[in-house]
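The structure appears right after this line, and notes come after that.
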Amino acid sequence: MKGLFFAGNGRYEVKETKMPELKSEEDVLIRVEAAAICGTDIHILEVPPGHPAAEGAILGHEFSGQIEKAGSKVTDVKPGDRVVVDPSLFCGKCYYCRHGQPNMCMHNTCLGVFLDGGFAQYCVAPQSCLYKVSPDTPAETAVHLDPAGCVLTSLGKLNPQVGENALILGAGPVGLYFIMMLKRMGMGKIIVSEPSSYRRQYAHKFGADLAIDPSSEPLEQILKEHTVDGADFSVDTVGTLINDAVSYTRKGGRILLFGMNSNARQTICQNTITRKDLTIMGNYASRFKFDDTLRILEKGLLPVEDMVTHRVSLEEFQSGIDALKSGRAVKVFVDPWK
């Protein structure tokens, strides 16, 4: 089969490799039907890397497919079933797993980052990370489970209230998930800050009331015109914009840090946070929200299919990365069979 392997130091290679074999009686062999490029994949391939990964691993952690083979102890799914994968694997035994925080597992690993993932024609995964997909749900729709599930988890922390004004910093895929979900929750205004005109169009399409170019428009002034004293809460979907969130969130407001970039370094005036009585939260991965998210996707409550702007083969992978980095793409799917 073909696979896209992380080769270290910003490099990858597409090559032929042996079909994967079941390593455990609880493993399944999945024929990959759809996979998507995530911002994490971009960070893995940066120099220096903005996210760690295992050299030699097949990348791709957002994917779905059909089961071709199942181990003898697999009970929840069977060959022929269509599934979507939660790429995060947890031990279930450590302090955090036993205290309801498996996303903080002390021994966690991840398919498509440290173990072989979905940028290949086949992948092996344990049954514990599989979610069965209804026959009527397109494979590309199911692929949104992981990122949308993480957003749904973070909204539980933010606890948005009807009528509140939200500021979304960044209108990449994660920003658009926030916009779609918040729109259905009855926000007062959803204001988006995004330098790419291409992505600002998508922000409007999915429900943003205002989509502002922070490089040429006075975001602070615009917020004062449309809110009492800034956003009730702000979300940094980029991983580098905490200072913007602190500046543009009202006194007593909330800030959610969602985007990740381990290369980012900020100088922060802690006194501003204290003086404004701000609540700042982080969110890493999903926590017990994938069942709810899959139901949302299967019912068509979020128009995620409209996010897909590019479809590329494994050999065309770089063109997808380039389009995302330039802001000329939203969601890029990789077809390993193309």
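Brief remarks on what is shown
- Complete set of residues in the range 55-112 that are in a loop (DSSP other than H, G, I, E, B) and buried (at least 19 other Cβ atoms within 10 Å of the Cβ): Ala57, Leu59, Gly60, His61, Val74, Asp86, Pro87, Phe90, Cys105, Gly112
- Counting only residues that are more than 29 Å from Arg265 (Cβ to Cβ) and either over 21 Å from the mean Cα position of the chain (by Cα) or in a loop (DSSP other than H, G, I, E, B) (or both), the range 191-228 holds 10 of them.
- Pairs where the first residue, in the range 3-21, is in a loop (DSSP other than H, G, I, E, B) and the second is loosely packed, with under 11 Cβ neighbours inside 10 Å and among the hydrophobic types (A, V, I, L, M, F, W, C), C-beta under 9 Å, 6+ apart: Asn9/Val47; Gly10/Val47
- Scan the range 52-95 for residues that are closer than 13 Å to Phe6 by Cβ, in contact (Cβ under 8 Å) with a residue 60 or more places away in the chain and in contact with a Gly (Cβ under 9 Å, 6 or more places away or on another chain) and the total you get is 6.
- Wholly within the range 232-323, strands (runs of 3 or more DSSP E) carrying at least 3 residues that are buried (at least 17 other Cβ atoms within 10 Å of the Cβ): 249-257, 308-313
- Taking every residue in the range 122-151 that is among the polar types (S, T, N, Q) and pairing it with any residue that is open to solvent by less than 30 Å² (accessible area, probe 1.4 Å), at least 6 positions away or on another chain, the pairs with Cβ-Cβ distances below 7 Å are Gln127/Val28; Gln127/Val74; Gln127/Val77; Thr137/Leu297; Thr141/Leu297; Thr141/Val304.
- Considering the range 144-166, and only residues there that are open to solvent by 30 Å² or more (accessible area, probe 1.4 Å) and aliphatic (A, V, I, L, M), the residue that is nearest to Asp27 (Cα to Cα) turns out to be Leu152.
- Just one of the listed residues (Leu219, Leu278) is free of Cβ contacts under 8 Å to residues at least 60 places away in the same chain, in contact with a Ser or Thr (Cβ under 7 Å, 6 or more places away or on another chain) and closer than 30 Å to Gly100 by Cα, and it is Leu278.
- Some residue of the range 167-174 being part of a helix (DSSP H, G or I), open to solvent by 10 Å² or more (accessible area, probe 1.4 Å), of a type in the set (A, V, I, L, M, F, W, C) and under 20 Å from Arg254 (Cα atoms): yes
- Members of the range 122-134 found to be surrounded by fewer than 17 Cβ atoms within 10 Å (Cβ to Cβ) and farther than 20 Å from Lys73 by Cα, listed by number: Ser134
- Residue match in the range 176-183 (condition: touching a Phe, Trp or Tyr at 6+ places or on another chain (Cβ under 9 Å), closer than 16 Å to Gly327 by Cα and either free of Cβ contacts under 8 Å to residues at least 24 places away in the same chain or crowded, with 16+ Cβ neighbours inside 10 Å (or both)): yes
- Taking the criterion of being of a type in the set (A, V, I, L, M, F, W, C), farther than 18 Å from Asp213 by Cα and out of contact with any strand residue (DSSP E or B) (no Cβ under 7 Å at 6 or more places or on another chain), the residues of the range 175-201 that qualify are Met180, Met181, Met185.
- Residue selected from the range 197-249 under the condition at pLDDT 95 or above and of a type in the set (Lys, Arg), by the criterion nearest to Gly186 (Cα to Cα): Lys205
- The condition of being open to solvent by less than 20 Å² (accessible area, probe 1.4 Å), part of a loop (DSSP other than H, G, I, E, B), out of contact with any Cys (no Cβ under 8 Å at 6 or more places or on another chain) and among the polar types (S, T, N, Q) holds for only one of Thr137, Thr141, that being Thr137.
The values are calculated or read from the model by the stated rules, or taken from the named source; none is laboratory data. Because the structure is predicted, anything quoted here is derived from the model rather than measured. Cβ sites come from the backbone with ideal geometry, for glycine too, and all protein chains shown count toward neighbours. For accessibility, only protein heavy atoms count, side chains too; no ligands or nucleic acids. Shrake-Rupley method; radii C 1.70, N 1.55, O 1.52, S 1.80 Å.
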